[in-house]
1. Which residue pairs have Cβ atoms closer than 6 Å, lie 6 or more positions apart in sequence or on different chains, and pair a first residue in the range 164-178 that is closer than 16 Å to Tyr69 by Cβ and touching a residue at least 12 places away in the same chain (Cβ under 8 Å) with a second residue that is of a type in the set (Gly, Ala, Ser) and assigned to a helix (DSSP H, G or I)?
2. Could you pull out the residue among Leu137, Leu197 that is more than 20 Å from Asn107 (Cα to Cα) and buried (at least 16 other Cβ atoms within 10 Å of the Cβ)?
3. Cβ contacts < 8 Å: first residue outside any helix (DSSP H, G or I) and at pLDDT below 85, restricted to the range 141-156; second residue crowded, with 16+ Cβ neighbours inside 10 Å and among the small types (Gly, Ala, Ser), any location; separation 6+ or different chain. Result?
4. State whether one or more residues within the range 162-170 are surrounded by fewer than 17 Cβ atoms within 10 Å (Cβ to Cβ) and over 16 Å from Val114 (Cβ atoms).
5. Assuming Gly172 fulfils every condition listed in (1) within 16 Å of the chain's Cα centre (by Cα); (2) on the phi > 0 side of the Ramachandran plot apart from one, which condition is it?
6. Could you tell me whether Thr152 is under 16 Å from Ala56 (Cβ atoms), of a type in the set (Ser, Thr, Tyr) and out of contact with any Lys or Arg (no Cβ under 8 Å at 6 or more places or on another chain)?
7. Here are the criteria: (1) out of contact with any Gly (no Cβ under 9 Å at 6 or more places or on another chain); (2) modelled with pLDDT of 80 or more; (3) surrounded by fewer than 17 Cβ atoms within 10 Å (Cβ to Cβ). Tell me which single one Leu206 does not satisfy.
8. Applying the selection to the range 148-158, what residues are hydrophobic (A, V, I, L, M, F, W, C) and surrounded by 19 or more Cβ atoms within 10 Å (Cβ to Cβ)?
Amino acid sequence: MQPGILAALVLAVLPAGCESSGAYGPVLGEVLTRPGGALATAEIDAGLREALVVAATNVASQLGRENGYFGDQRIRIPLPETYREVQRNLAVVGASGPLDDVELRLNRAAEAAVPEARALILGAVRNMTIEDALGILRGGDTAATDFLRTRTETHLAAAFTPHVRTALSQSGAFRSMENYLSGIGLGGTTSSVQADLTSHAVGLGLDGIFLYVAEEEKKIRENPLARTSDLLRKVFGAAA
């Protein structure tokens with residue numbers, strides 16, 4: 001039986017939840033052989049998938065909590081540029097509070113939506129082909145993340161948007177921004193404001209996620225201590 005077919009069969013019969021724990025690595029290790037010590041195609045495939053699962057899970061734990069975005073200057077989401085200059089000018093006279101509050105709520109929305117992003121990323125990982133895995137194993141430090149982003153970002157943004165919009169609404173960000181604009185005589189643009197804030201938070205929220213997924217992948221490739229399973233050590237040790 002071809003390794004790719006065998007891998008598909010093994011992955012198909014694993015219990016739900018195994019993909020997030022790396023449990024399929026040992027299973028594959030038990031049923032595959034490696035003549036001459038060469039990595040089996042299915043091992044490469046499973047190793048790349050596990051690396052992305054580990055990366056996405058670690059990043060979700062880091063970002064999907066209070067101040068995961070807001071407390072991180074690398075990925076903190078600012079207001080859209082339309083409002084940023086106003087915010088800076090008001091800050092000079094100590095009057096930027098309403099806009100500062102909206103900025104905080106933008107970040108809180110991204111933090112709240114991270115679990116959904118993780119689920120979507122793991123779904124995309126499952127849809128990778130063995131040919132994809134073979135092509136990126138020996139790529140650059142972030143080849144798997146770059147591939148994943150290229151293939152999935154449009155879908156992720158579309159799927160992520162409703163969750164961010166809901167989080168922004170529930171957090172009061174829309175209401176705060178609309179109250180502020182009404183106070184300066186710019187009311188009546190509710191739908192446009194909501195769309196702008198949502199797309200802005202989605203775009204930068206995904207940027208932050210992929211930034212850290214790429215860093216997690218790089219660690220797995222470069223640092224043996226970051227390879228937390230036998231399968232990761234086998235695949236990325238051989239690729240080093």
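The values are calculated or read from the model by the stated rules, or taken from the named source; none is laboratory data. Please read all numbers here as calculations on a predicted model, not as lab measurements. Neighbour counts run over all protein chains shown; Cβ positions are idealised from the backbone, glycine included.
1. Sorted first by the residue in the range 164-178, then by its partner, the pairs are Val164/Ala109; Val164/Ala113; Val164/Ala201; Ala167/Ala109; Ala167/Ala112; Ala167/Ala113; Leu168/Ala109; Ser171/Ala109.
2. On the way: Leu197 fails: more than 20 Å from Asn107 (Cα to Cα).
Among Leu137, Leu197, only Leu137 is more than 20 Å from Asn107 (Cα to Cα) and buried (at least 16 other Cβ atoms within 10 Å of the Cβ).
3. Listed pairs, sorted by first residue: Asp141/Ala214.
4. If we filter the range 162-170 for residues that are surrounded by fewer than 17 Cβ atoms within 10 Å (Cβ to Cβ), which is where we start, we get 162, 166, 169-170.
Those still in the list that are over 16 Å from Val114 (Cβ atoms) too: 169.
Scanning the range 162-170 turns up at least one residue that is surrounded by fewer than 17 Cβ atoms within 10 Å (Cβ to Cβ) and over 16 Å from Val114 (Cβ atoms).
5. (1)
6. In short, yes.
7. (3)
8. Selection gives Leu148, Leu156.
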